[in-house]
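First the structure, in the form of structure tokens, and then the observations on it.
The values are calculated or read from the model by the stated rules, or taken from the named source; none is laboratory data. Here the structure is a predicted model, which means the values were calculated and not measured. Cβ sites come from the backbone with ideal geometry, for glycine too, and all protein chains shown count toward neighbours. What goes into the accessible areas is simple: the full protein's heavy atoms, side chains included, and nothing from ligands, DNA or RNA. Shrake-Rupley method; radii C 1.70, N 1.55, O 1.52, S 1.80 Å.
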Amino acid sequence: MQNDGEELQNDGLESCNGNERESFKDSRLVEDGNERESFRVPLGPGGKRIRVSRGDPVIFKPYWTKMSEECMVEIKGCELLSYLSDLRSVCWFMMPELRDAIKRLHALVGNAETSDRYIVVGNGSTQLFQAALFALSSSSSSDDQINVVAAAPYYSEYQDQTDILRSGIYKWSGDAMEYDKNEAYIEVVTSPNNPDGCMRGPVVNKKKCGVEGKLIHDLAYYWPQYTPITHRANHDLMLFTFSKCTGHAGSRIGWAIVKDKEIAKKMTKFIQMSSIGVSKESQTRVAKIIEVLCDSYKNFKLGSKESELFFEHSRRLMKERWEMLREVIKQNSGFSLPKFPRVYCNFTNESTETYPAFAWLKCTEDENCESYLEKKMKILVRGGSRFGSDPRYARLSMVGRGDDFDEFLKRLSKEHLKD
Ligand code: PMP
């Protein structure tokens, strides 16, 4: 099992005072009230290592800094005491205001069908992924462990999340493209995909393996800042996360949209067993932020500034970063990037490019992109083999801090000048 916990490992304290450097203090070094500052990975400038390996979506922080007052929530000491939220709902710990906010958000963006569906809230979509594995496997007629597969390159955490508890009802079985067993399986379809940004559908060849599999659609990045919204997704089990939608990863809110009531009930049961629900403080905060986001679209008047709308603002940021990266890569023959078609987006009503949260970089001059970048440029990325793929590839985050991204670009272009 890989153990750097990168996807989850955060670097500590955050503040809203605009001093983003704060967020890189190591909170474990705060002892006896005396804060001893230390940076685990000393940052540039000055030739220190820079980390662009994590998917911590802090890129949107300046937008939310401007919206700080509007998004403020006040919770009194006497509020939110109960475990329960809505006993009439399958997901009894989900607050009705959050459920309504999520439906409103999907209606605004047009990226998922929510009517006649069950919504289950989780501690991030990470918990919901495990809840989905539990629900789908325990509904299977097979006595054997169900095989969990995803097409490579796949999100590097699926494997560990599947195998961590050595479950008796499911197990990780690797690349969906190679799956040909005549045994029950669950295929995880991540679209757009982490790490390579491609839109995807299921790939297991049902004719070859002779069984009907079950699907989990992880749509964490199906939001307009990353990709054109081409259709209202309508799959049996879809996972979304607030982490990638607005960048509020610390609130740990994800949701599943589920067609089948029994599956929704089992997912709810899993969350009940593992955490007896989801923090109501978080649910309240997320409901508020979604309300502010949706209201800004409702109240938007022709002639007002589009920069005040979250998805327009965030898409422009992603576009800027991608254009800068492509420009640097164009000058540097040692690397290449995937190309994406321009596609009509139903949300923006125009043909747009794809600006994924990660860049899937191919090193054309070295067999191992991760070690090449670390040795030559002191840039920390996550190598292709972590995603079940070729080590000539590496994933780098496009959603990290602005100064890290700028420094990363500087190093890539300097490397070119040396050649
Ligand atoms: N799915 C994918 C594809 C992801 O990239 C991530 C986060 N990196 C998650 C799920 C987990 O998100 P959450 O913060 O909601 O647990």
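Here is a check on your reading of the model: is ILE102 within 16 Å of the ligand (Cβ to nearest atom), more than 21 Å from GLU212 (Cα to Cα) and in contact (Cβ under 8 Å) with a residue 24 or more places away in the chain? Yes. In summary, ILE164 fulfils each of the numbered conditions (1) surrounded by 15 or more Cβ atoms within 10 Å (Cβ to Cβ); (2) closer than 26 Å to ARG54 by Cα; (3) in contact (Cβ under 8 Å) with a residue 60 or more places away in the chain with the single exception of condition (1).
In the stretch 230-256, the residues that are touching a residue at least 60 places away in the same chain (Cβ under 8 Å) form Cβ pairs under 6 Å with partners that are among the charged types (D, E, K, R) and surrounded by 24 or more Cβ atoms within 10 Å (Cβ to Cβ), at six or more places apart or across chains, as follows: LEU239/ASP218. Looking at LYS66, is it free of Cβ contacts under 8 Å to residues at least 40 places away in the same chain and open to solvent by 20 Å² or more (accessible area, probe 1.4 Å)? So LYS66 passes the test. In the condition set (1) free of Cβ contacts under 8 Å to residues at least 12 places away in the same chain; (2) under 30 Å from SER351 (Cα atoms), LYS207 is compliant with all but (2).
Taken as a whole, the condition of being under 30 Å from THR352 (Cβ atoms), surrounded by fewer than 23 Cβ atoms within 10 Å (Cβ to Cβ) and under 20 Å from the mean Cα position of the chain (by Cα) applies to MET199.
For the structure I just gave you, tell me whether TYR118 is surrounded by 15 or more Cβ atoms within 10 Å (Cβ to Cβ) and aromatic (Phe, Trp, Tyr). Spelling it out, TYR118 is indeed surrounded by 15 or more Cβ atoms within 10 Å (Cβ to Cβ) and aromatic (Phe, Trp, Tyr).
Scanning the stretch 165-182 for residues that are in contact with a Cys (Cβ under 9 Å, 6 or more places away or on another chain) and either assigned to a helix (DSSP H, G or I) or not polar (S, T, N, Q) (or both) yields a count of 3. Return yes when ARG54 is outside any helix (DSSP H, G or I), closer than 30 Å to TYR179 by Cβ and open to solvent by 20 Å² or more (accessible area, probe 1.4 Å) and no when it is not. It is true that ARG54 is outside any helix (DSSP H, G or I), closer than 30 Å to TYR179 by Cβ and open to solvent by 20 Å² or more (accessible area, probe 1.4 Å).
Taken over the stretch 71-109, residues that are among the acidic types (Asp, Glu), under 29 Å from LYS298 (Cα atoms) and touching a helix residue (DSSP H, G or I) at 6+ places or on another chain (Cβ under 9 Å) amount to 3. Filtering the stretch 294-311 for residues that are under 21 Å from the mean Cα position of the chain (by Cα), of a type outside the set (A, V, I, L, M, F, W, C) and either within 16 Å of the ligand (Cβ to nearest atom) or open to solvent by 20 Å² or more (accessible area, probe 1.4 Å) (or both) leaves an empty set.
Can you tell me how many residues within the stretch 130-149 are within 16 Å of the ligand (Cβ to nearest atom) and open to solvent by less than 10 Å² (accessible area, probe 1.4 Å)? Selection size over the stretch 130-149: 5. So, of the residues in the stretch 165-200 that are charged (D, E, K, R) and closer than 15 Å to LEU133 by Cα, which turns out to be nearest to the ligand (Cβ to nearest atom)? Only one residue tops the list, namely GLU187. Being open to solvent by 10 Å² or more (accessible area, probe 1.4 Å), hydroxyl-bearing (Ser, Thr, Tyr) and either farther than 24 Å from PRO62 by Cα or outside any helix (DSSP H, G or I) (or both) is true of SER333. Scan the stretch 111-129 residue by residue and report those that are farther than 19 Å from VAL286 by Cα and either away from the ligand (no atom under 16 Å from the Cβ) or out of contact with any strand residue (DSSP E or B) (no Cβ under 9 Å at 6 or more places or on another chain) (or both). Of everything in the stretch 111-129, those that are farther than 19 Å from VAL286 by Cα and either away from the ligand (no atom under 16 Å from the Cβ) or out of contact with any strand residue (DSSP E or B) (no Cβ under 9 Å at 6 or more places or on another chain) (or both) turn out to be GLU113, SER115, ASP116, ARG117. Taken over the stretch 240-255, the criterion of being touching a Phe, Trp or Tyr at 6+ places or on another chain (Cβ under 7 Å) and near the ligand (Cβ under 7 Å from one of its atoms) is satisfied by LYS244, GLY254.
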